[in-house]
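All remarks here apply to the structure that follows.
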Amino acid sequence: MKQSQVFSGDIRQNQDSDDEIDLSSLFRTLWRGKLWIALCGLLALFAGGYYAYGLVPVYTAKAAIALESRQEQVMDIESVVTGLGGDQSTINTEVEVLRSRGLIEDLVLDMNLLEDPEFNARLRPAPRFSLGQAIGLVRGIFSEPEVPAPASKPVKERAVLDSTINAVLGSISASNLRQSFVFEITVTTQGPQKSAAMANRLAELYIQDQISVKFEKTEQATSWLSERVSGLQIELENAQAELKDFATNTDLVNAEALAALNRQLKDLRDRRTALAVQTEATRTRLDVLMDAWQSGAAEFVEVANDIALNQAFRRLEDGSVGAQTAFDTRANALITRAELEATRAQSQLSAIESSITEVSTRIDNQSEELVTLEQLQREVEASRLLYEAFLSRLKETSIQQGIQQADSRVLSRAVVPSVPSAPRKSRILALSLILGLMAGSGAVLLREMAQNTFRTSEDLEQKTGYSVIGQIPKIPAKHRKNVLDYISQKPNSVAAEAVRNLRTSLLLANLDTPPKVIMSTSSVPGEGKTTQSVTLAQNFAGLGAKVLLIEGDFRRRVLDEYFGHNQKHGFLSVISGEVPLEQAIVHDATLKADILYGEQSTINAADLFSSNTFAEFINGLREHYDYIIIDTPPVLAVPDARVIGQLVDAVIYTVQWDSTPHRQVLDGLKSLDRVNVRVSGLVLSHIDGSKMKRYGYGDSYGDYSSYYQK
């Protein structure tokens, strides 16, 4: 359990380290790939030089225009076309005006740029053969030719002009300098004089265009004002004539006379009220007298209240002669007088009514005429004021036609450039070199990130948490049976030294109890564990020790490919008791050690290795041999190695260089760790020296160049 915790801690530490950027490791990776980086830099430098020296040089000229946001007026009169403001929208608009097609068209026609091959592509010599011509030729072979409709000459000329304008637009740029009213015109062409001339001429055309626009607007305003003044003059004359005719045909009417009529009307109405009361009173008097006359003399005398009538009534009562006649005469006289008073009052009331009607009619008529008169006077006044205003504006506008000013001025004229602005060869070469080095560095880093195998012992130790006790080079032997011959014939070769280093590391791992039973395994087949077991057995035997090599892989049985023995009995025969150990063991002269081969069997190998018989067999071998090396199957293929590992003293785990993926190695080690089998050390096998140099590890593994000894 303790070993499992240590291994899990190592894995977590490795995972945490993967999440961090190790600058030293990054620099080491770049240094290993320095040749590839340098090659990419040189290739990019060559491509940049080819590009820079193959381009046609161009020259850039700049002219500056200042916007006059405040202009002094020669005369203090309002202009028809006001000056430009200083807000950002106005400035952006003027920048677009500088690059407008209309202004560029004026420049093209003014400088005759239609005859310049740089802008008119039709004047350039046609290439002998181009990709477009090739495509057109192929299309013509497989399709019917299309007969284009003939274009008229104006249409062709307009198309040429438009294409030339587009080309000129591509060579011109306009910008506003920050926090200023200055516009900068930049022209880039293949000729220095041409660039300066185009920049200066465009600035002049821009200013002329401003003046032309103002002059045109002023001229249009003058023409329109002239027409309006003429029309207003006619309207004023007509209004004055109408007022005159009306005044001639109408009585003199004014507000004072109308007020007098109103006062007269008020007096008449007051009098009518008084007469109406008087008329009503006389009529009532007459009615009372008439009613009293009908009632009798006494009542009439009482109502009449007349002295003479009273006297006549008393004589009548006294019976005087002639009293009746006198009474009747006086009564009739009173009634007649009452009738006359009533008639006179009614006549006066009727006369007042007639006067009121007449005066009211006169007031109504004169009011209407006064309103009409005042309306005609206002129309005449309004027409006169409008006419005078338009006439004054017409005179001001006519004066402005000769004093129009542009809203901008040329701040600095473009000078003829002495050196081309592009291509900047030094900058292109420097950028090409930098980009090439960056691309090379990126490729090296991507290759390193994509690399999923082990190429260095440091990487293997860092990823797994186990020490690397051996680094075995790729032995230059075409067949496996030649491996021992190569080691024997070249005892001082790097391969032989690597095996001796592995043996030394294995023995020095525990000086108190050196391992006697050693197991060799790997993650997957083909990683060189069997070759390592054979060469390690040979190396131990060279020390004069008694060594036994056991073939623990019953399924593949690859030891036959290293030796030429024809042994019928093997491992299973010894354990089953069929033959004694001495008859099953084969001593090889080249190996200088004993070999116990495996046998094909239907028995499950894992069950056999888990039995007490196998454990007793291994313990018995300890008494007869100094070193026992067991070549087991791969850990991820079958469980045999995990079972055998419980009985051995040391476990060597082989990892093939630049072949076995990280995940398989980690999974294999984890499977051993789960059953408490502690790996004594890792061996990096089949190291290829030439590939290591290509990968950039030549500084650390320079001696591997001697691997390919013949």
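Quick notes on this structure:
- Long-range HN-HN contacts of Val415 with modeled amide H, under 5 Å: Lys62
- Near Val517, the amide H atoms lying under 5 Å from its own belong to Ile628, Asp649, Ala650; only residues 5 or more places off or on other chains count, and H is placed 1.01 Å from N.
- A Förster distance of 41 Å, applied to the separation of the beta-carbon atoms of Glu339 and Thr250, puts the FRET efficiency at 0.30.
- Cα-based shape type of segment 381-430, given that a ≥ b ≥ c are square roots of the gyration tensor eigenvalues and the cut on a/c is 1.5: prolate
- Which label in (1) 81, 32, 18; (2) 38, 34, 29; (3) 135, 53, 22 gives the computed semi-axes √(5λ) of the Cα gyration tensor in Å: (3)
- Our estimate of slack between Asn166 and Asn238, defined as 0.36 nm per intervening residue step minus the Cα-Cα distance, is 20.0 nm.
- In this structure, Glu623 and Asp485 have a Cβ-Cβ separation that, at R0 = 41 Å, corresponds to a calculated FRET efficiency of about 0.80.
- From the alpha carbon centroid of segment 185-261 to that of segment 512-547 is 112 Å.
- Rounded to 5, the percent of DSSP beta bridges in the chain classed as antiparallel: 45
- Label zone at Leu26, where the point sits 7 Å out along the Cα-to-Cβ direction: segment 429-449 residues whose backbone N lies under 16 Å: 438-449
- Computed over the chain: relative contact order in percent, which uses C-alpha pairs under 8 Å that are six or more apart: 19
- Estimated distance in nm for a label pair at Lys691 and Ser671, the labels positioned 7 Å out from Cα along Cα-to-Cβ: 2.3
- Entries of Lys474/Lys546; Lys568/Lys670; Lys474/Lys516; Lys490/Lys529; Lys34/Lys529; Lys490/Lys691 with Cα pairs more than 30 Å apart: Lys568/Lys670; Lys34/Lys529
- For Glu105 and Arg378, a Förster radius of 56 Å and the Cβ-Cβ distance give a FRET efficiency of 0.55, rounded to the nearest 0.05.
- Candidate lysines for bridging to Lys156, where Cα separation is under 27 Å - those fewer than 8 sequence places away on the same chain excluded: Lys194
- Site pair Thr273 and Asp87 shows an inter-label distance of 6.7 nm when each label is modelled 7 Å from Cα along Cα→Cβ.
- Relative packing of 289-298, 37-46, which averages over residues the other C-beta atoms within 10 Å, highest first: 37-46, 289-298
- For the chain, hydrophobic long helices are taken as DSSP H runs at least 20 Å long by C-alpha position along their axis with mean Kyte-Doolittle hydropathy of -1.0 or more; these are 34-54, 153-171, 192-248, 255-295, 323-400, 425-450, 494-508.
- Shown are Tyr59, Tyr597, Tyr486, whose ranking by accessible area with a 1.4 Å probe and every protein chain present, most to least, is Tyr59, Tyr486, Tyr597.
- Extension reserve of the Ser347-Glu317 stretch, reckoned as 0.36 nm per residue once the Cα distance is removed: 6.8 nm
- Distance between the modelled labels on Ser601 and Ile211, one decimal in nanometres: 11.5 nm (7 Å Cα→Cβ projection).
- Those aspartates and glutamates that a straight Cα-Cα span of less than 20 Å connects to Lys693, excepting residues fewer than 8 apart in one chain: Glu448, Glu458, Asp459, Asp658, Asp703
- For Lys214, the lysines whose Cα comes closer than 18 Å to its Cα, not counting residues fewer than 8 places off in the same chain, are Lys395.
- The slack between Ser226 and Arg178, meaning 0.36 nm per residue of separation minus the straight C-alpha distance, is 12.8 nm.
The values are calculated or read from the model by the stated rules, or taken from the named source; none is laboratory data. Computed from a predicted structure; not experimentally measured. No Cβ is skipped: glycine too gets one built from the backbone with ideal geometry, and neighbour counts run over all protein chains shown. Heads up: the accessible areas ignore ligands, DNA and RNA and are worked out on the full protein's heavy atoms, side chains in. Shrake-Rupley method; radii C 1.70, N 1.55, O 1.52, S 1.80 Å.
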